[in-house]
Amino acid sequence: MISVEDQVEKVNRLGWLDLDVDPTIDLFAEISRLKKQKNAIILAHYYQDADIQDVADYIGDSLGLSQEAEKTKASMILFAGVHFMAETAKILNPDKKVILPDLRAGCSLADSCHPKDFAEFKSKHPDHIVISYINCSAEIKALSDIICTSSNAMAIVNSLPKDQKIIFAPDKNLGRYIAEKTGRDMVLWNGACMVHEIFSLEKITRLKATHPNAKLIAHPECEEPLLKIADYIGSTTGLLNYTMKSADTEFIVATETGILHQMIKSSPEKTFIPAPPNNACACNDCPHMKLNSLEKVYLCLKYELPELVMNEEIRVKALKPIKRMLEISKQYGL
Ligand code: 13P
Ligand code: SF4
């Protein structure tokens, strides 16, 4: 058995616990046993592998996951998602242990916004309120007035006086979409998600021609030309709900492919086609989300490592705009 010191050293060096897992173990049963034993909860994003979604206590979009993190009574949260999501759970739960299977699971969008550059950008627009998309670091949240997600961005912007000038960061595609929908004056940070910018408009247009009855559904992190031809635009939960409620039976899905697991589970009789990307491997997997695996979830829960630890001063500053987001969402029934 590896010593505690060696485990910590391994996590510090690699970002995850690189230990052999006995292949005869029933990981589903073991994870379920460990959850009960440790009074732990697994929160998973829709972009996680199907196996991880199947062991989760709650699967959702960024807003749902934050709301669930805020209200959980569990003593420990295993966050199966990326770093900024686990960090948000920790900001809301300073006294709980928050663990994540792989500390390296970052986000290209969050990485596009460095606190030093953002502070400079902010100082150029002193009369603007700062709304930051939840896909950003705690340092950026600490520099923001309100946090938003793709499912409440419209409500958050609409909750502000009409003449209020807004800085929106870090996703320019979501920002542009919301600015257009609300008619608000918004200064956008120039960031984007590597997964949602990779779709091929040409291939999607061809696919639509060969599947004339298929509805194109897209996440608002996609680029403007794709959003212009989409039949429905929404967060991951929004997209899932749309496919469940719609009378249509065929969908071209322009977001990360992990969401297809719940779509197929909820509507097995319907057809879901991942929107084709512009790359040679023809996949729209998020390399950060997909760093997690069922084995890593098991090791993480067993050894309670890696643990998310953060600077208390930043945590307190970042909590304020997150709380504001949660309050406005409540007022709007979201
Ligand atoms: P939502 O699940 O909130 O729509 O966010 C999508 C995403 O890109 C998460 O990284
Ligand atoms: Fe970040 Fe995009 Fe991956 Fe979401 S899908 S975690 S926004 S890189």
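A few notes on this one:
- Test: residue in segment 296-317 that is in contact (Cβ under 8 Å) with a residue 60 or more places away in the chain, under 23 Å from Cys222 (Cβ atoms) and more than 22 Å from the chain's Cα centre (by Cα): no
- The set of residues from segment 29-77 being among the hydrophobic types (A, V, I, L, M, F, W, C) and part of a helix (DSSP H, G or I) comprises Ala29, Ile31, Leu34, Ala50, Ile52, Val55, Leu63, Leu65, Ala69.
- From the list Glu269, Glu250, Glu256, the lone residue that is under 16 Å from Phe199 (Cβ atoms) and charged (D, E, K, R) is Glu256.
- Residue check, Glu87 within 16 Å of ligand 1 (Cβ to nearest atom), surrounded by fewer than 17 Cβ atoms within 10 Å (Cβ to Cβ) and in contact (Cβ under 8 Å) with a residue 40 or more places away in the chain: no
- When Lys38, Lys73 are checked against the criterion of being touching a residue at least 40 places away in the same chain (Cβ under 8 Å), farther than 29 Å from Ser108 by Cβ and more than 16 Å from ligand 2 (Cβ to nearest atom), a single residue qualifies: Lys38.
- Filtered by the rule that a residue be more than 23 Å from the chain's Cα centre (by Cα) and not polar (S, T, N, Q), segment 159-179 gives Leu160, Pro161, Lys162, Asp163, Lys165.
- On the stretch given as segment 144-187, residues that are touching a residue at least 60 places away in the same chain (Cβ under 8 Å) and out of contact with any Cys (no Cβ under 9 Å at 6 or more places or on another chain) total 10.
- If you go through segment 187-218 and pick out every residue that is over 21 Å from Ile166 (Cβ atoms), within 12 Å of ligand 1 (Cβ to nearest atom) and not in a strand (DSSP E or B), you end up with 4.
- Number of the condition not met by Leu334 [criteria: (1) more than 16 Å from ligand 2 (Cβ to nearest atom); (2) part of a loop (DSSP other than H, G, I, E, B); (3) under 29 Å from Asp51 (Cβ atoms); (4) in contact with a helix residue (DSSP H, G or I) (Cβ under 7 Å, 6 or more places away or on another chain)]: (3)
- Scanning segment 255-284 for residues that are part of a helix (DSSP H, G or I), of a type in the set (A, V, I, L, M) and within 16 Å of ligand 1 (Cβ to nearest atom) turns up Ile259, Leu260, Met263.
- Across segment 117-136, the number of residues qualifying as of a type outside the set (A, V, I, L, M, F, W, C) and either in contact with a His (Cβ under 7 Å, 6 or more places away or on another chain) or buried (at least 24 other Cβ atoms within 10 Å of the Cβ) (or both) comes to 3.
- Where strands (runs of 3 or more DSSP E) fall wholly inside segment 78-171, the ranges with 2 or more residues that are within 25 Å of Gln331 (Cα to Cα) are 128-133, 146-148, 165-169.
- Within segment 228-241, residues that are farther than 10 Å from Gln262 by Cβ have Cβ atoms under 9 Å from residues that are near ligand 1 (Cβ under 7 Å from one of its atoms) and assigned to a helix (DSSP H, G or I) in these pairs: Ser235/Ser62; Ser235/Leu63, counting only partners at least 6 apart in sequence or on another chain.
Any read-out appearing in this document is the output of simple, stated calculations on the displayed coordinates, not a laboratory observation. Treat the numbers as computed from the prediction; the structure is a model and nothing was measured. Backbone-built Cβ (ideal geometry, glycine too); neighbour counts: all protein chains shown.
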